[in-house]
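See below for the structure under consideration.
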Amino acid sequence: MVQLTLAAALLALLPSPAPTERPPLKTIITVVSSPYCNSLVNHFNGALVPMLGNDRAIEVISVQLDDLNQLFSDPNYQQEFVDVRTKLLHQESKVNESLAAIEQEISLLRDGSKLTTDPQAQADIKDAATQLHTAWARQRELAIDLHHMYQEMTQYPIEQASNDPGGFAPEDMREPAEMKDIKSYLRFNTQIKIIANAEDKAVDIAYNTAQTYCVPKK
């Protein structure tokens, strides 16, 4: 027998990156040891656990982006700009460095569908892998966009920036609020909602698959 937790307990403890709370996820306790089930255990968790770590890094980035939106109204905005830039690099590097290994685990999970001749069992594994890949792709998009933003920040002439009241020059103040929100520019909230939704669906599919094909029958 092998254990399959699907990191559900961990996910339930993490702060949700979405504006609304994510419900607690189901936990699989015990599954039958077989090539198909072992692949489900090892590669699903192998992909999901670091993805949840990325969610935590993205949650930290969310706070840093809020700080970036406000820092030009602070008298010490130059030093704060450098501090936020450094923190952003640290967090987005964590995400970027994890992506290749996660993608490999998702590919191996999908390959595990070949370990059974049951067409529905094959389809379920592929569906779980597809949902994980959707979340992975959005994490990758965010990481790439954040890295490009960091590079632009290194070239931004912060010493020439103005800290007029509100952090913007009069002509900038007339722009819609959305134009001055870095999260809107990055489609940040939309991306994390898609990530959370895909992760939740992946766990539900894996749970139901294990219940159907891997849990000992009484």
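The values are calculated or read from the model by the stated rules, or taken from the named source; none is laboratory data. For clarity, every value in this text was computed on a predicted model and none was experimentally measured. A quick note on method: Cβ atoms are made from the backbone with ideal geometry, for glycine too, and the neighbour counts reach across all protein chains shown.
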Index of the failed condition, Ala101 passing every other in (1) of a type in the set (Gly, Ala, Ser); (2) under 17 Å from Arg56 (Cβ atoms); (3) without any contact (Cβ under 8 Å) to a residue 40 or more places away in the chain: (3)
Residues (farther than 19 Å from Leu40 by Cα and among the acidic types (Asp, Glu)) located in the stretch 86-134: Glu92, Glu97
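So that you can scan it fast, the table gives a plain yes or no per residue for (1) at positive phi; (2) in contact with a helix residue (DSSP H, G or I) (Cβ under 7 Å, 6 or more places away or on another chain); (3) modelled with pLDDT of 85 or more:
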| site | (1), (2), (3) |
| --- | --- |
| Leu4 | no, yes, no |
| Leu13 | no, no, no |
| Ile28 | no, yes, no |
| Gln64 | no, yes, yes |
Tally of residues being touching a Ser or Thr at 6+ places or on another chain (Cβ under 9 Å), over 16 Å from Ser39 (Cα atoms) and of a type in the set (S, T, N, Q) across the stretch 121-155: 1
Complete set of residues in the stretch 61-88 that are among the hydrophobic types (A, V, I, L, M, F, W, C) and crowded, with 16+ Cβ neighbours inside 10 Å: Ile61, Leu65, Leu68, Leu71, Phe72, Phe81, Val84, Leu88
